[in-house]
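What follows is one structure encoded as C-alpha cells, with my remarks underneath.
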Amino acid sequence: HLSAEQQHAALEQALQAATTITITDEYARAQALAGLAPYLSADQLEQALQAAITTITDGHYRAQALQAAITTITDGHSRAQALAELAPYLSADQLEQALQAATTTTDEYFRAQALTGLAPHLPAEHIEQALQATATITNERLRAQALTGLAPYLPAEHIQKALQAAATITEAHLRAQALTGLAAHLSAEQQRAALEQALQAATTITNEYSRALALTGLAPHLPAEQQRAALEQALQAAATITEAQLRARALTGLAAHLSVEQRRIALEQALRAATTITDEYFRSLALIGLAPHLSGEQQRAVLGQALQAATTITQAEPRARALTELAAHLPAEQQRAALEQALQAATTITDGHAQAQALTELAAHISAEHLLRLLQGDRGQGSSLEVAALTILAQLSGRLVSPTGVAVLRLALQQDDRASCLSVLSAAADLLSEDAGPATVIDILEAIRVVVNWWP
C-alpha cells in the first residue's frame, strides 16, 4: 500500500524489529520473518536467514520462518516443509546450497520432501543431481513419492533413469504407484512398457485396500480393454476389504470410473459399509464423500445421516471440521445451522494451531455477522477466542466494508495486548487502503512507530 521508497523503509523497520531482541518470543519472531520473506530484497532475505539461524533455537519455529535451507534445522519434517515454502525466494546460489543440503543429509524423509519441493525451481543442470539423490533413498515409500514428485521436471534423457529407480522398488503397491506417476511423462513406447509393469505389480498386491487403490489409480491410463479388466479387479478387491471405513472409501473412489450398473453396485456396497462405521467422525466423512455420487431422496437421507453423526462427535476439532465439510452439501437453512454449530465447536478448541486451521476452513462460509456474534459473546475464553477472532478476520478482510464489518473491526481491536491489535490492523490493511486510501495506512504506520518509540 506504500510507495517504493516508503515500502523499503517500512520493510527495513519491520525486519529490524523482527531480528532484534525486542521480539523475545521465538514463535512471534518466526511468524514475523515468514511473513516478511516474500517482500524482502536479496540482501534483506540473507539478513532474515541469518537472523533465524542465530536467534531461533526451536526447530519447528525456525522452519515456520522459512529457514529450512539451513542445515542447522534438525527436524527433517519441519526442514523439508519450510524448504519447499522458501524455494521460490532463493537465489541461484542459495538454491544450490539447499540442493547440497538435501542431497547430503542422512535424513531420508527430509531428502525426499526437500527434493520434491526444490524440483520446480531447479535449473536443468541440477535435476540429474536431484534424481541421483532420489535413487539412493532406501525407504521405498519415500523413494516412490520422490520419483513421482520429480517426474514432471525431468528432461527426456533422465526419464529412463527414473524408470530404473522405480523398477527396483520391491513393494508391489509402491512400485505400481511410482510407475503410474512416471507414465504421464514418458514417450508412447516407454509409457506402454511402464503401464504394463505397473499393472503387473498392482495385480500382485496382497492387501485388498492397497490393491484396489493401485488399480483405481492406474485404470484411467490403460487402453480400454485393460481398463475394464483393471476396474473389475479393483471392484472385487474393494468389496472384500474387511474394515468398513476403508471399504467405503475405496468403493466411493472407484465409483466414478465404473459403468452405470457397476457404479450402482459399488455405491450400494459403500453405503452399507459407511453406515456401519462406529466412529462418528469417520462415519460422517464417509457419508459426506458418498453423497455427491447419489441423487434425490437417497442423497438427502445420506446427508441427514452425516449431519446426525457430525453433531454427535464429542471432540471439538473433528466436530468443527466435519460440520464445515458437510455444510457445502446442505440446503441453505441446514447449512446455516451447521456452520453455526461448527463455529461454536471451533471456538472451544484449546490448541491454537488446530483452532486456526479449523477456522481457516470455516472462513469461506462465515459471514461478518457470524464473526460479530462471536466477538459479542463470552470474552472469557482468553487466547482461544482471540485466535478465533483474528483468524476469521484475516479471511474476511475483504468483506469489512459493511457496517457489520466495521463493528467487527472495532470489537476485534479491543484486545489487551499490542500484538493482537497489530495483527488485526495487518489483516484489515487491504480494506483500509481501498476504503480510506493509502494515506490512511501510512498514518497508521506512523502512529505505530510513535507508540513504539514512547512505549517500547
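Just so it is clear, none of the values below were taken in a lab; they were calculated from the coordinates. If you're wondering where the values come from, they're calculated on a predicted model, not measured in any experiment. Glycine also receives a Cβ, built like all others from the backbone with ideal geometry; neighbour counts cover every protein chain displayed.
Computed over neighbours whose Cβ is under 14 Å from that of GLN177, the net charge equals +2, Lys and Arg +1, Asp and Glu -1. Each peptide in 227-236, 206-215, 253-262 receives the mean, over its residues, of other Cβ atoms within 10 Å, and ordering these scores from highest gives 206-215, 227-236, 253-262. A straight chain from GLN227 to GLU333 at 0.36 nm per residue would run longer than the Cα-Cα distance by 33.9 nm.
Protection proxy ranking for 172-178, 323-329, using the average of other Cβ atoms within 10 Å per residue and placing the highest first: 172-178, 323-329.
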